[in-house]
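Single-structure report; data block below.
The values are calculated or read from the model by the stated rules, or taken from the named source; none is laboratory data. Not measured: the values here are computed from a predicted model. Heads up, the Cβs are rebuilt from the backbone with ideal geometry, glycines too, and the neighbour counts pull from every protein chain shown. SASA here: full protein model, heavy atoms, side chains in, ligands and nucleic acids out. Shrake-Rupley method; radii C 1.70, N 1.55, O 1.52, S 1.80 Å.
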Amino acid sequence: MGAPGSGKGTQAQRLEKQFGIPQISTGDILRKHLAEGTPLGLRAKEIMASGGYVDDETMLAIIRARLSQADAAQGFILDGFPRTVAQAEGLTKLLAELGTPLDAVVLFDVNNDQLVKRVSGRRTCEFCKKVFNVNFAPPSGECIPGRAEHSLVQRPDDHEDTFKERLRKYEEDTRKPVSHYYAYTGLMRTVDAEGAIDEVTQRLLGTLKAGGGAAAPVAAKAPKKRVPQRRAKPAARKAARRPVRKAAKKAAPKRRAAAAPKKARKVARKVKRKSAARARPARTRRKSKR
Ligand code: AMP
């Protein structure tokens, strides 16, 4: 998870290389549909161009189909999915079905000024899909402009207006709601994604190692839904408090005895003696001085 330009794609590509498991970028899948002019691509075109989100049902169907491919059997990195709570819920069910729980959920944290700089400079090689940044990570190797079939393009949705809308959508539908969803699972990790790409990779790997990797807890559990609370009837409220009162009473005398000053303890002993004497049968009771 991360705002547009937070570097999810770049880092996911590095993890893909290091661990030999596929990066599954829903954005890339949609762009492929768009390039091939499939019905889904045609439908997604406008939504993507406006910075909106493609509907949850479609996205879940895409992920279901992709995860059933052989290369995902040993693991996978989801990049840009889930983006809504409904997608996260759907993913939880799907992974439970497949028996492949998540190991970690990573949120890439970058401040908004940095995001603007990154996104305005981002360029993708049309041929090999490598991502560069004219401000921070200039094109290299075969992707230097003018060489062979490699040519760099700016994503249409990286233009300023669309970018702002994507950022707004991310804040509203993804960052808080989805991280809140995963906060209950113990899988959530936040990575400071500012600075050099290598530094971020080190932080990311460090955080994944610290989280215990494959030994991390099983599938995400949905957070409990808030049920409107009705006030119990007075009698029920009293009953609910009773055991607590009893326990408090049990503990209290000890605390009081230990804390009471000497004089108070002496008085207490006297009172206790008197009441014990009153409780004794009359025959054994000493005559009162009165
Ligand atoms: P990305 O390359 O991840 O920034 O995605 C580019 C665009 O594809 C987004 O702005 C959305 O319009 C669309 N998209 C990608 N992933 C999702 C998703 N999980 N849910 C909805 N829309 C998505």
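General observations
- When each of D28, D55, D79, D71 is tested for being of a type in the set (D, E) and within 19 Å of the chain's Cα centre (by Cα), the lone residue that passes is D79.
For (1) farther than 21 Å from K169 by Cβ; (2) crowded, with 20+ Cβ neighbours inside 10 Å; (3) among the small types (G, A, S); (4) in contact with a strand residue (DSSP E or B) (Cβ under 8 Å, 6 or more places away or on another chain), each residue gets a yes or a no:
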site	(1), (2), (3), (4)
V85	no, no, no, no
E89	no, no, no, no
G99	yes, no, yes, no
D113	no, no, no, no
V119	no, yes, no, no
F136	yes, no, no, no
V153	yes, no, no, yes
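- Residues (within 11 Å of the ligand (Cβ to nearest atom), open to solvent by less than 70 Å² (accessible area, probe 1.4 Å) and of a type in the set (D, E, K, R)) located in segment 6-36: K8
- Leading residue by the ranking (least open to solvent (accessible area, probe 1.4 Å)) among those in segment 155-180 that are touching a strand residue (DSSP E or B) at 6+ places or on another chain (Cβ under 7 Å) and within 10 Å of the ligand (Cβ to nearest atom): D158
- Looking only at segment 115-150, residues that are touching a Gly at 6+ places or on another chain (Cβ under 8 Å) and not aliphatic (A, V, I, L, M) come to 5 in all.
- Unmet criterion (only one of (1) within 24 Å of E165 (Cα to Cα); (2) of a type in the set (D, E, K, R); (3) open to solvent by 30 Å² or more (accessible area, probe 1.4 Å)) for D79: (3)
- Every condition in (1) in a helix (DSSP H, G or I); (2) more than 20 Å from I77 (Cα to Cα); (3) of a type in the set (D, E) is met by D198 except one, and the failing one is (2).
- For segment 181-193, residues that are at pLDDT 95 or above, open to solvent by 30 Å² or more (accessible area, probe 1.4 Å) and either of a type in the set (D, E) or assigned to a helix (DSSP H, G or I) (or both) total 1.
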